[in-house]
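Read through the structure below, which is laid out as structure tokens, and then see the notes.
The values are calculated or read from the model by the stated rules, or taken from the named source; none is laboratory data. Treat the numbers as computed from the prediction; the structure is a model and nothing was measured. FYI the Cβ positions are ideal-geometry reconstructions off the backbone, even for glycines, and counts take in every protein chain you see.
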């Protein structure tokens, strides 16, 4: 299975939420996609269907494939703490997500591309692994040769980092510090992680 590259609005409408950011089509058509739209009678979703939908939403939000996501869940399940909360914390600690949260890239796919193309450094060394797990105290920055890239400059100008209190940004060096693992209440994503735990527990 390859990474999803189709129309994002279609996926956002499926979940009824702007999981990829502001979406004018979702505002206009706030119902699931399909030939008959609102006219189609939809059966009540089963418990399994609800749990599966929540897992799919988390996968699409953070841009993970099935194997990556299940491996991450197993890691969360073995760790100390509440499994669902640990899962979200692991997702938030991925390098591509941290680059996105710092405002270096406008979207998670764009952040993944910057990492893959070796524009991002961790503690001064270039890191090209999007799934790299950032640790507390790590410094994530932009490679010196890449600081003038238009996509990075445009993203930094429109970034709003004030709501992420687990990150600290230095505009002079174009780098950010991963201060601590975020608490569940600080993670803004609308994901019911307990449903995911229940799905994998079957």
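Structure values in brief
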{"read-out": "Criterion violated by residue 25 - all others in (1) over 14 Å from the mean Cα position of the chain (by Cα); (2) more than 16 Å from residue 131 (Cβ to Cβ); (3) at pLDDT 65 or above; (4) surrounded by 14 or more Cβ atoms within 10 Å (Cβ to Cβ) satisfied", "value": "(3)"}
{"read-out": "Spans of helices (runs of 4 or more DSSP H) in the stretch 105-200 with at least 2 residues at pLDDT 95 or above and within 19 Å of the chain's Cα centre (by Cα)", "value": "108-116, 193-200"}
{"read-out": "Any hit, the stretch 79-102, residues being surrounded by fewer than 17 Cβ atoms within 10 Å (Cβ to Cβ), farther than 16 Å from residue 193 by Cα, assigned by TED's automatic domain parsing to the domain that holds residue 166 and out of contact with any strand residue (DSSP E or B) (no Cβ under 7 Å at 6 or more places or on another chain)", "value": "no"}
{"read-out": "Residue in the stretch 35-47 that is surrounded by 12 or more Cβ atoms within 10 Å (Cβ to Cβ) and either modelled with pLDDT of 90 or more or farther than 21 Å from residue 200 by Cβ (or both) present", "value": "no"}
{"read-out": "Any chance residue 187 is over 13 Å from residue 95 (Cβ atoms) and in contact (Cβ under 8 Å) with a residue 12 or more places away in the chain", "value": "yes"}
{"read-out": "Those residues of the stretch 122-144 which are touching a residue at least 24 places away in the same chain (Cβ under 8 Å), surrounded by fewer than 12 Cβ atoms within 10 Å (Cβ to Cβ) and farther than 23 Å from residue 64 by Cα, in sequence order", "value": "137"}
{"read-out": "Filtered residue count, the stretch 103-118, keeping only those that are touching a helix residue (DSSP H, G or I) at 6+ places or on another chain (Cβ under 8 Å) and either on the phi > 0 side of the Ramachandran plot or surrounded by 24 or more Cβ atoms within 10 Å (Cβ to Cβ) (or both)", "value": "6"}
{"read-out": "Matching residues, the stretch 145-169, being touching a strand residue (DSSP E or B) at 6+ places or on another chain (Cβ under 7 Å) and either over 24 Å from residue 89 (Cα atoms) or loosely packed, with under 12 Cβ neighbours inside 10 Å (or both)", "value": "152"}
